[in-house]
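The values are calculated or read from the model by the stated rules, or taken from the named source; none is laboratory data. All values reported here derive from a predicted model rather than from experimental measurement. Here Cβ is always computed from backbone atoms with ideal geometry, including for glycine, and neighbour counts include all displayed protein chains. Accessible surface is based on the protein model in full, side chains and every heavy atom, while ligands, DNA and RNA are left aside. Shrake-Rupley method; radii C 1.70, N 1.55, O 1.52, S 1.80 Å.
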Amino acid sequence: MNHTTSAGQTDAVVRPLSTVRAALLIAAATLLIGLWNLEGPEFWWDEGWTLSVARNVVERGHYGRLLDGQPAPGGLEASPVVTLPVALSFQVFGVGLWQGRLVSLAAAAAALALMFVLAARLYDRRVAWGTPGALLLLTAHPQLNALLIGRQALGEMPMLLFLMGGYLCLDAAVRGRAFWIAPAALLWALASLAKAQTLPFWVVSMAGATGVALLMHRWRAAALVAGGALLAYLARPWVLQIVMLPVAGRTLPGTPVSGIYDVTAFVPNLSNRLFALQMILIGGIPTLIGLGYAAWRLLKDARATNPASDDDRGARIVLRAALLALAGSWFAWFALLSVGVPRYLFPATFVAGMFTAALVHDLTNGFRPAFVVEGLVAPLRTRRLTQWSAGAWLAMLLAATTAPLTMLSYWQHFTADERAAVRVAAFLNTQTPPDALIETYESELHFLLDRRYHYPPDQTHVELNRRSLLGQDTPVAYEPPAVYPSYLVVGRFAAGNRLYDTALASGAFREVMQDGRYTVYERVRK
């Protein structure tokens, strides 16, 4: 008896209308669930910069930050491809935290729906249903979970939405409708602009798909992939100009920042490599195994495909090669060179979701519980471990070691009530003089404050990262303004990096409030 079915070999006919309906259902459910307590989770430092700039666009017509109450250049906020939709959300729904997070949540819902459609096109409906399951249940670390990341105002989910939309258009193009390569190129251009780190891995993806198409003698598919990649790359500056049209003439020249890639993207330090390995062991094992299985299936299927026929099958292999190269190169970079922050692994985990689902599908004979149970107990009866039983045990271990931690992450995230930033901002907005100057590097407060505020230059961020991410005791040449501000607020970011230790040691400030991770100091008046 054959106990396995292969997702890579499934040729079941996918009913497009039914698939679209199911995808819309997934998107709607994700959006509705994600709206619950959207303001409750901790307000991230990265979010603060983006939301501050979006607020300034709406309230002042200025695309950039404020410094001491005056317009300043942008810098640490997300790309305009992400920030301007947030500003649009503010324009429609009002300025607030949930309104700012709504854009990322909507992108997450749409991206999950596109992943469902892609999995249905490249595998079958069972794997398609398993893909959101893998992405939402087999992600032990909260920063690797599509729904939880989607509930923060970050650039990852918009970037992945554009990426997956581009690959879905490419799928249509290589199956015979070549005109779809134009929207694919546009979406890829937007994706590469949404997150700067996307570009090199997307290039590897396009090169990998082109190479596989050439090896399979799929000349038309190779030309479409390579041509679409070239078109997307050339279109990037034009697409950025179009995106910036609503704020044309309302920006200021930025200040160059050096060394940012040395502390995030090219970090060969042993301590960071060990940290990255730890993050992989905590949350990346399903992705790693899924990538390995997908590579093996791809080689096997490519060899078994007739170059002179099997057009639909060949198109699926080319698209799977593109996604495998994207996720695989991103995963390898995280393991070998990244600083090790778990969020940097998230895009690889997301793209590889369908590969992990395909693996579990094949291990469980199409997600059949009875098959798994039988495989788990078979070695006890026969005293022999077969491939079938080993697969059942692997599937059970993947679920048992990830799903409980994922559910715990959901509980902590959806029940969180981290509103200390709101309370501190309310205190500063109502209990300080209207002309007060507040020094703080907690960018989430910048978004919430109605007072003048001051913060270090962006280059300081690089030096602080050397302290917090690389463990280097780097001196930071920054002090608050010569005329000390009226108030100083130290939160998790500044405290963890000892940014204001010298100012506090000088005796120029006294503590007046402490709430959560924030401590408010008032200048001592002599």
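The figures follow:
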{"item": "2 or more residues closer than 30 Å to residue 217 by Cα, basic (Lys, Arg) and over 20 Å from the mean Cα position of the chain (by Cα): qualifying helices (runs of 4 or more DSSP H) within region 302-417", "result": "311-336"}
{"item": "Considering residues of region 411-428 that are touching a Leu at 6+ places or on another chain (Cβ under 8 Å) and open to solvent by less than 30 Å² (accessible area, probe 1.4 Å) only, the residue farthest from residue 142 (Cα to Cα)", "result": "428"}
{"item": "Residue 259 surrounded by 19 or more Cβ atoms within 10 Å (Cβ to Cβ) and either more than 30 Å from residue 472 (Cβ to Cβ) or touching a residue at least 24 places away in the same chain (Cβ under 8 Å) (or both)", "result": "no"}
{"item": "Residue list for region 329-346, restricted to those being surrounded by fewer than 24 Cβ atoms within 10 Å (Cβ to Cβ) and touching an Asp or Glu at 6+ places or on another chain (Cβ under 9 Å)", "result": "343"}
{"item": "Hits in region 113-171 - residues which are charged (D, E, K, R) and closer than 17 Å to residue 413 by Cβ", "result": "151, 156"}
{"item": "Residue among 194, 222, 209 that is buried (at least 22 other Cβ atoms within 10 Å of the Cβ) and touching a Gly at 6+ places or on another chain (Cβ under 9 Å)", "result": "194"}
{"item": "Yes/no for residue 58 being more than 24 Å from the chain's Cα centre (by Cα) and either farther than 15 Å from residue 453 by Cβ or in a loop (DSSP other than H, G, I, E, B) (or both)", "result": "yes"}
{"item": "Cross-chain or 6+ apart pairs with Cβ under 7 Å, region 317-333 first and farther than 20 Å from residue 116 by Cα, then of a type in the set (S, T, N, Q) and buried (at least 24 other Cβ atoms within 10 Å of the Cβ)", "result": "331/287"}
{"item": "Residue 44, sole failed condition from (1) touching a Leu at 6+ places or on another chain (Cβ under 7 Å); (2) closer than 18 Å to residue 442 by Cβ", "result": "(1)"}
{"item": "Complete set of residues in region 61-73 that are in contact with a Ser or Thr (Cβ under 7 Å, 6 or more places away or on another chain) and either hydroxyl-bearing (Ser, Thr, Tyr) or assigned to a loop (DSSP other than H, G, I, E, B) (or both)", "result": "63, 64, 73"}
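Rundown of residues vs (1) of a type in the set (D, E, K, R); (2) closer than 30 Å to residue 338 by Cβ; (3) part of a loop (DSSP other than H, G, I, E, B), yes/no style:
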| residue | (1), (2), (3) |
| --- | --- |
| 464 | no, yes, no |
| 467 | yes, yes, no |
| 475 | no, yes, yes |
| 479 | yes, no, yes |
| 488 | no, no, no |
| 493 | no, yes, no |
| 499 | no, yes, yes |
| 514 | no, no, no |
| 519 | no, no, no |
